[in-house]
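Just below is one structure, and these are the notes that go with it.
The values are calculated or read from the model by the stated rules, or taken from the named source; none is laboratory data. Worth saying up front: this structure is predicted, and the values here are computed from it rather than measured. Glycine gets a Cβ as well: all are built from the backbone with ideal geometry, and neighbour counts include every protein chain shown. Surface areas here come from the heavy atoms of the whole protein model, side chains and all, with no ligands, DNA or RNA. Shrake-Rupley method; radii C 1.70, N 1.55, O 1.52, S 1.80 Å.
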Amino acid sequence: MPILSLLTDLRRVLAPPRCIRCLKEDTWHCTGCQEQMRLFEQRCIVCSEKQPSGRTCSPCREDTPLTGALSAGPYAAPYLRRGISWLKFRSVKDVAPALAYLTLPHLSKISPITTLQKSAVFVPIPLHARREHTRGFNQAEEIARALQGYVHISVLQALARPKATHTQARLPNELRKQNITDAFSVIQDIPPATTHVILVDDVTTSGNTISAAAMVLRPSLPSRTQMWGLTVARG
């Protein structure tokens, strides 16, 4: 038996699936908790004013290339912090589909799912190579791959992160934009027929990371192409 498979089986025995909300065993998100899902009140990614559609509000459109940004819920919600922590810091990659599932009700705010299936791509926010090597995977890619399994929208690893940055959440707001400047580069072209690029990450706080990624991609895209951020949680 391959070592990786053996380790995965061992982890499932020692740490079996538990619902991220109620901690019920045998599932990462039980049916009862799925039925209690509530839509998160979306806000402008720049100024945080309420925007039910998730779109960037008119006064902020010059400050970000993002058409809008959507999150499943607030990072303050214990179940979201728990699920993201299990994924990122405990390497429980099996929880990624449960986290991705929480974002599904919001996708239709971007465009009908049938439209997105024809002409959208998920682009996971990359990690710097050193951090990805240490962690063993990129949590944003795990979430994007899970989303692909649900809605059959392609995942494209269009970006790299050649600059090692500090963890955004640990920096004061005034340093976050500077920290992420020149952090990303384009390594794969977006297909010209793409109408929606959806940047996927686990958490956004100030929006600087996904805005910086979108800024790098924007020049290579037709002006009609919309760019959206999609995250599990918003800080």
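Odds and ends about this structure:
- Arg81 meets all of the listed conditions (1) outside any loop (DSSP other than H, G, I, E, B); (2) in contact with a strand residue (DSSP E or B) (Cβ under 8 Å, 6 or more places away or on another chain); (3) open to solvent by less than 40 Å² (accessible area, probe 1.4 Å) but one, namely (3).
- Pairs linking a residue in the range 52-72 that is of a type in the set (Asp, Glu) to a residue that is buried (at least 20 other Cβ atoms within 10 Å of the Cβ) and outside any strand (DSSP E or B), with Cβ atoms under 6 Å and 6 or more positions apart or on different chains, are Asp63/Val46.
- Some residue of the range 158-170 being under 17 Å from Pro65 (Cβ atoms) and either of a type in the set (Ser, Thr, Tyr) or outside any helix (DSSP H, G or I) (or both): yes
- The residues in the range 212-231 that are farther than 29 Å from Pro74 by Cβ and either among the aromatic types (Phe, Trp, Tyr) or in a helix (DSSP H, G or I) (or both) can be counted, and the count is 2.
- Any chance Gly73 is part of a strand (DSSP E or B) and under 17 Å from the mean Cα position of the chain (by Cα): yes
- Residue-level check: of (1) small (Gly, Ala, Ser); (2) part of a helix (DSSP H, G or I); (3) farther than 27 Å from Tyr101 by Cα, Ala183 misses just (2).
- Lone qualifier among Lys109, Lys88 - being in a helix (DSSP H, G or I), out of contact with any Phe, Trp or Tyr (no Cβ under 8 Å at 6 or more places or on another chain) and surrounded by fewer than 21 Cβ atoms within 10 Å (Cβ to Cβ): Lys88
- Filtered residues of the range 115-137 (kept if farther than 27 Å from Cys44 by Cβ and either surrounded by 18 or more Cβ atoms within 10 Å (Cβ to Cβ) or without any contact (Cβ under 8 Å) to a residue 12 or more places away in the chain (or both)): Lys118, Glu132, His133, Thr134
- Sole exception among (1) open to solvent by less than 20 Å² (accessible area, probe 1.4 Å); (2) more than 14 Å from the chain's Cα centre (by Cα); (3) in contact (Cβ under 8 Å) with a residue 40 or more places away in the chain for Ile180, by number: (3)
- Failed item in (1) modelled with pLDDT of 90 or more; (2) open to solvent by 100 Å² or more (accessible area, probe 1.4 Å), with Ile20 passing the rest: (2)
- Only listed residue being buried (at least 23 other Cβ atoms within 10 Å of the Cβ) and out of contact with any helix residue (DSSP H, G or I) (no Cβ under 9 Å at 6 or more places or on another chain), chosen from Arg218, Arg234, Arg224: Arg234
- In the set (1) open to solvent by 30 Å² or more (accessible area, probe 1.4 Å); (2) among the β-branched types (Val, Ile, Thr); (3) modelled with pLDDT of 95 or more, Thr205 fails one condition alone, (3).
- Scanning the range 24-71 for residues that are closer than 30 Å to Lys177 by Cβ and hydroxyl-bearing (Ser, Thr, Tyr), we see that the one that is most open to solvent (accessible area, probe 1.4 Å) is Ser58.
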